[in-house]
Each structure stands twice: as structure tokens, then as C-alpha cells.
Amino acid sequence: MLVKTRDLAKHFQVGVGQTLHAVDGISLEINENEILGLVGESGSGKSTFGKALTGLLPRTSGEAWFRGEPLPAKFSAQDHLKYSKEMQMIFQDPYSSLNPRMTILDVIGEGLFVQGQHTRPQIRDQVAYWLERVGLSADHMSRYPHEFSGGQRQRIGIARAMIIEPRFVVCDEPISALDVSVQAQVINLLNDLKQSLGLTLLFIAHDLSMVRYVSDRMAVMYLGRLVETGTADEVFFNPKHPYTQLLIEANPEPDPQIERDRAFVPIRGEITSPINVGEGCRFADRCPVATSRCRSETPRDILVDEQIVACHNYD
């Protein structure tokens with residue numbers, strides 16, 4: 001086991017007496033050399049969880065471990081320097097995550113420069129190597145981010161994270177802003193790097209089919225909490241939680257004829273406000289099988305056919 005969290009929470013004060021429960025008690029284990037897919041609607045707290053895990057946001061409560069060592073709730077400058085060698089993040093937006101005033105050499109080589117263990121020529125050689133590794137040219141290092149397409153910028157973001165050769169990488173929806181053909185290229189690149197470097201990945205995405213394809217296990221998140229966890233194939237083909245079932249049903253079929261003929265059951269309503277969330281199942285207001293117990297009592301995690309499900313229907 002490489003990464004573990006217990007009851008990790010991240011809350012934001014958004015007004016007098018108002019608390020936004022972005023992440024609310026996440027307990028997860030990520031094994032070494034594993035890809036864990038984290039899925040859920042926008043606003044579920046997936047990106048916030050990734051940032052709290054890597055120290056970009058301080059935790060409100062809960063615990064986290066990396067290689068058996070407890071991680072601080074709030075990273076200091078020394079903690080960032082220490083753990084940046086082991087943990088990195090690929091950000092969702094390839095346009096805003098790159099400093100437009102920095103050349104690609106400085107963007108990708110900044111991590112090595114901050115460590116202070118490499119000379120300028122060594123950093124230049126490493127940047128050239130990683131540009132080639134992610135499918136770009138070493139000649140690109142003198143250019144600026146605005147001279148690249150979205151897919152190329154995402155490759156630059158991958159090179160920036162990988163040049164440190166970390167053990168654990170949070171991929172925060174790395175393909176959501178890309179064309180379908182470029183998405184496949186980025187996914188294949190991440191798979192190649194996982195195999196060659198022995199990486200462990202937390203892969204955050206909306207596309208359930210893509211998450212099933214790349215992940216060993218899948219975790220489903222709704223309004224700050226996990227509702228189901230299991231192997232990627234089991235969660236995708238045999239979902240237990242009503243929310244997961246509706247997400248799978250809403251996933252489009254690749255065959256246009258099947259897509260036209262199948263009955264589409266949308267998830268009713270919008271995601272509930274995460275401000276001052278009370279007791280009960282957070283999906284109860286949108287769940288087609290919710291009972292009065294669902295609205296008053298928070299469900300506990302239950303093991304059902306090797307999947308962990310937080311639902312009163314299995315209790």
C-alpha cells in the first residue's frame with residue numbers, strides 16, 4: 001500500500017455560519033503500481049480530494065499516509081520540497097496550469113531547479129529527454145505555452161510532473177479538455193509511463209468508459225463522500241449503489257444504433273448544495289429507491305460481492 005487516507009475532510013467557510021463540505025470523510029487505500037479511478041459528477045469534490053492529498057490544500061480533519069509515513073495536515077515549504085519528489089499532480093486545464101511568461105524549458109525544469117541538485121546543462125538535457133518522451137521535440141523548449149495546442153500543453157504538463165520521477169501522481173481530469181483522438185494518445189502515454197516507471201496513479205475523470213479502461217479499481221464519489229468502491233470491471237458492469245447505476249446508464253454507447261434504441265434514464269435534479277450538509281444519504285433527494293431512513297441516517301460502508309457500498313438497501 002502506497003497511499004492511505006482515513007476520514008479525510010476538506011471544508012471551506014463561505015460565510016457566517018456556512019460551511020462548504022467539499023470533501024467529507026474519505027477513507028481510501030491505493031496500492032503500489034495501481035491506477036485508482038475516481039469518478040463522479042462535477043461538484044463531487046474529486047479535485048479537492050486530490051489537492052488535499054498532495055498538500056496543495058490543507059486538510060480540515062482526518063489522516064493521510066504516504067509509504068506508511070503520516071502526511072501533515074498543512075504542508076510547510078520544507079514538506080512541499082520533501083514530498084514533491086514523491087508526489088506530483090497533472091492539472092485539469094492545460095491552458096491555465098502553465099505560466100505564460102515562462103519558456104517550456106523553465107516550466108518543465110522548474111522542479112529540478114527547485115531541488116537544487118542539478119546544473120543548468122543537466123536540467124536542459126533532462127527537459128529535452130522528457131519532451132521527446134511525451135511525443136514533442138527538444139526544439140520546443142525555447143517556446144512559450146501560447147504556441148502550443150491543448151493536447152501539446154497537456155503533454156508538457158505530464159512532462160513537468162514526470163521529470164521528477166515521482167512514485168505517485170494525481171491525474172486531475174487530464175483528458176477532459178482534449179479532443180477524442182488526443183485523449184487516446186494521452187491515455188496510452190500515461191499507461192506506458194506507468195509500466196516503465198512503476199507509477200501509482202489516482203486518475204480523476206468524468207468518462208466512466210475511459211476510467212474503466214485505464215483503472216485497476218474504481219471509486220465513485222458523490223457530494224464529498226464515497227458511495228462505492230471495487231474493481232473497475234465490477235463497478236462498471238455490476239454497479240451496486242443507485243447513483244453508480246444511474247451514472248452507468250447515462251454513459252453513452254459507442255454503437256449509434258444501440259444508443260438510439262436504448263431507454264435513457266437521466267439522473268433527476270441537480271447535485272445538492274454542499275453547504276451545511278446534514279445527516280442522511282447525500283443522494284437521497286435524487287435517488288429513485290430512497291426511503292425515510294435514507295434521509296435521516298447516514299449509511300455505513302458495507303461489503304457486497306467484494307465491492308464496498310454505502311447504501312441502506314444492502315444493510
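Would you check which residues across region 3-21 are among the aliphatic types (A, V, I, L, M) and at pLDDT 95 or above and list them? Talk me through it step by step, then tell me what you get.
Within region 3-21, the subset among the aliphatic types (A, V, I, L, M) is 3, 8-9, 14, 16, 20.
Hits for region 3-21 are V3, L8, A9.
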Here the residues within region 186-218 that are under 21 Å from R167 (Cβ atoms), at pLDDT below 90 and charged (D, E, K, R) are D192, K194
S181 in a loop (DSSP other than H, G, I, E, B) and either on the phi < 0 side of the Ramachandran plot or of a type outside the set (S, T, N, Q) (or both): no
Of those in region 149-178 that are assigned to a loop (DSSP other than H, G, I, E, B) and farther than 30 Å from G116 by Cα, the residue modelled with the lowest pLDDT is A177
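How do the strands (runs of 3 or more DSSP E) wholly within region 219-315 filter down when requiring 3 or more residues that are surrounded by fewer than 21 Cβ atoms within 10 Å (Cβ to Cβ) and modelled with pLDDT of 90 or more: which remain?
On the way: elements: 225-231, 301-304, 307-310.
Output list reads 301-304.
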In this structure, is D7 in a strand (DSSP E or B) and touching a His at 6+ places or on another chain (Cβ under 8 Å)? no
Pick from region 12-43 the residues that are surrounded by 14 or more Cβ atoms within 10 Å (Cβ to Cβ) and hydroxyl-bearing (S, T, Y): which of them is nearest to I271 (Cα to Cα)? T19
If a residue has to be under 22 Å from T48 (Cβ atoms) and part of a helix (DSSP H, G or I) to count, how many in region 191-208 make the cut? 1
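With the requirement that a residue be part of a loop (DSSP other than H, G, I, E, B) and surrounded by 13 or more Cβ atoms within 10 Å (Cβ to Cβ), what does region 88-122 give you?
Step one: list which residues in region 88-122 are part of a loop (DSSP other than H, G, I, E, B), which gives 91-103, 116-119.
F91, Q92, D93, P94, Y95, S97, L98, M102, T103, H118 - these are the residues of region 88-122 that are part of a loop (DSSP other than H, G, I, E, B) and surrounded by 13 or more Cβ atoms within 10 Å (Cβ to Cβ).
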If you scan region 31-87, which residues turn out to be in contact (Cβ under 8 Å) with a residue 12 or more places away in the chain, assigned to a helix (DSSP H, G or I), over 30 Å from E249 (Cα atoms) and not hydrophobic (A, V, I, L, M, F, W, C)? D79, H80, Y83
Quick test for you: out of V180, V214, V170, pick the one residue that is within 14 Å of the chain's Cα centre (by Cα), among the hydrophobic types (A, V, I, L, M, F, W, C) and more than 28 Å from R124 (Cβ to Cβ). V214
Only residues in region 197-225 that are touching a residue at least 40 places away in the same chain (Cβ under 8 Å) count as the first member; pair them with residues that are of a type in the set (K, R) and part of a strand (DSSP E or B), Cβ under 9 angstrom, at least 6 apart or cross-chain, and list the lot. G224/K10
Out of region 144-175, which residues are surrounded by fewer than 17 Cβ atoms within 10 Å (Cβ to Cβ) and either in contact with a strand residue (DSSP E or B) (Cβ under 9 Å, 6 or more places away or on another chain) or within 22 Å of I30 (Cβ to Cβ) (or both)? E165
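The values are calculated or read from the model by the stated rules, or taken from the named source; none is laboratory data. Every value quoted in this text rests on a predicted model; they were computed, and no experiment measured them. All Cβ positions, glycine included, derive from the backbone under ideal geometry; neighbour counts span all protein chains shown.
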